[in-house]
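First comes the structure, then the notes that go with it.
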Amino acid sequence: IAALVAPAGDETVVEIGAGLGVLTAELAKKAGKVIALEIDQRLIGVLRERFAGCDRVEIVAGDVLAYDFSSACPGGRIKVVGNFPYYISTPILFRLLEYRRTIGSMVLMFQKELADRIIAPPGTKDYGIPSVIVARYTRVIRSMTVPSTCFYPEPDVVSSVLNFVVCEDETTPEEEVLFAMTVRSAFSHRRKTLWNNLRAAGFTSDTLEQVMKKTGIKGSRRAETLSVDEFRLLATSL
């Protein structure tokens, strides 16, 4: 994972869930600065003792969902790495995407089932809201699959490490909100058509008729058949 992050001497890396500091130590060998986030108070003391006197490492106690990533390197772009609790993986991922103008790349470990959904292509059963939102703002690949035997205590799940490169974009906040709302509405009932889901979301029949005609996207399609570009076109037209 440290090799995938590949920090340079002038770069700042934010590590989510530093734990005992094993990965932190590897990152600190090359990064200009490592900001290690940890919420477990029992581990904060361990980390502070381990990295006492190490100017490259800053230990931050707190919740990642409340952390301001833009404060890590004002005016610059950071790298993010994380092996976090799987039950809050999706909220953390979406929080990171909110700060994508501050983040250049991310190396994150997920439960394999969620990783499959994140990288799923259109037309597959795993393709859904995370797939579309992530593909809209990043380029992502699976770098490795991690068996449960790599952990202690050994979990009941297999993990995957995904490598994200954040794309440059000039989307306005209003466009971001509408894009997310369009995607979430379209997938609200997977078995229903695009038309029915968008109609239930509050768009009028007249609006949908105009949009479908303008975009060439048929309302009889289901959300999982639309590409990311088609979702962009749909949201812009709406």
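The values are calculated or read from the model by the stated rules, or taken from the named source; none is laboratory data. This is a predicted model, so every value here is computed, not measured. Glycine also receives a Cβ, built like all others from the backbone with ideal geometry; neighbour counts cover every protein chain displayed. These accessible areas exclude ligands, DNA and RNA; they are computed on the full protein's heavy atoms, side chains included. Shrake-Rupley method; radii C 1.70, N 1.55, O 1.52, S 1.80 Å.
Numerical summary
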quantity	calculated
Single condition GLY19 does not satisfy, out of (1) in a helix (DSSP H, G or I); (2) surrounded by fewer than 21 Cβ atoms within 10 Å (Cβ to Cβ)	(1)
Any hit, the range 40-58, residues being part of a helix (DSSP H, G or I) and under 23 Å from SER160 (Cβ atoms)	no
Selection count, the range 154-174, where residues are touching a Leu at 6+ places or on another chain (Cβ under 9 Å) and farther than 10 Å from VAL140 by Cα	2
Residue within the range 138-158 that is open to solvent by less than 20 Å² (accessible area, probe 1.4 Å), assigned to a helix (DSSP H, G or I) and farther than 26 Å from ARG77 by Cβ present	no
Filter result (within 16 Å of PRO122 (Cα to Cα), of a type outside the set (Gly, Ala, Ser) and open to solvent by less than 50 Å² (accessible area, probe 1.4 Å)) within the range 183-202	VAL183, PHE187, THR193, LEU194
The range 208-234 residues that are open to solvent by 50 Å² or more (accessible area, probe 1.4 Å), paired with ones that are assigned to a helix (DSSP H, G or I) (beta carbon under 6 Å, 6 or more apart)	LYS214/SER237; ARG221/LEU194; LEU233/THR215
Pairs, first among the basic types (Lys, Arg) in the range 128-144, second in a strand (DSSP E or B) and open to solvent by 10 Å² or more (accessible area, probe 1.4 Å), C-beta under 6 Å, six or more apart	ARG139/VAL165
Residue in the range 197-207 that is modelled with pLDDT of 95 or more and β-branched (Val, Ile, Thr) present	yes
Condition check for PRO122: touching a residue at least 60 places away in the same chain (Cβ under 8 Å) and farther than 16 Å from PHE164 by Cα	yes
Whichever residue in the range 40-74 is modelled with pLDDT under 95 and in contact with an Asp or Glu (Cβ under 9 Å, 6 or more places away or on another chain) and, among such residues, is surrounded by the most Cβ atoms within 10 Å (Cβ to Cβ)	CYS73
Of residues in the range 165-180 being under 17 Å from the mean Cα position of the chain (by Cα) and modelled with pLDDT of 90 or more, the one most open to solvent (accessible area, probe 1.4 Å)	VAL177
Checking LEU162 against (1) open to solvent by less than 60 Å² (accessible area, probe 1.4 Å); (2) more than 12 Å from the chain's Cα centre (by Cα); (3) hydrophobic (A, V, I, L, M, F, W, C); (4) modelled with pLDDT of 95 or more, the condition it does not meet	(2)
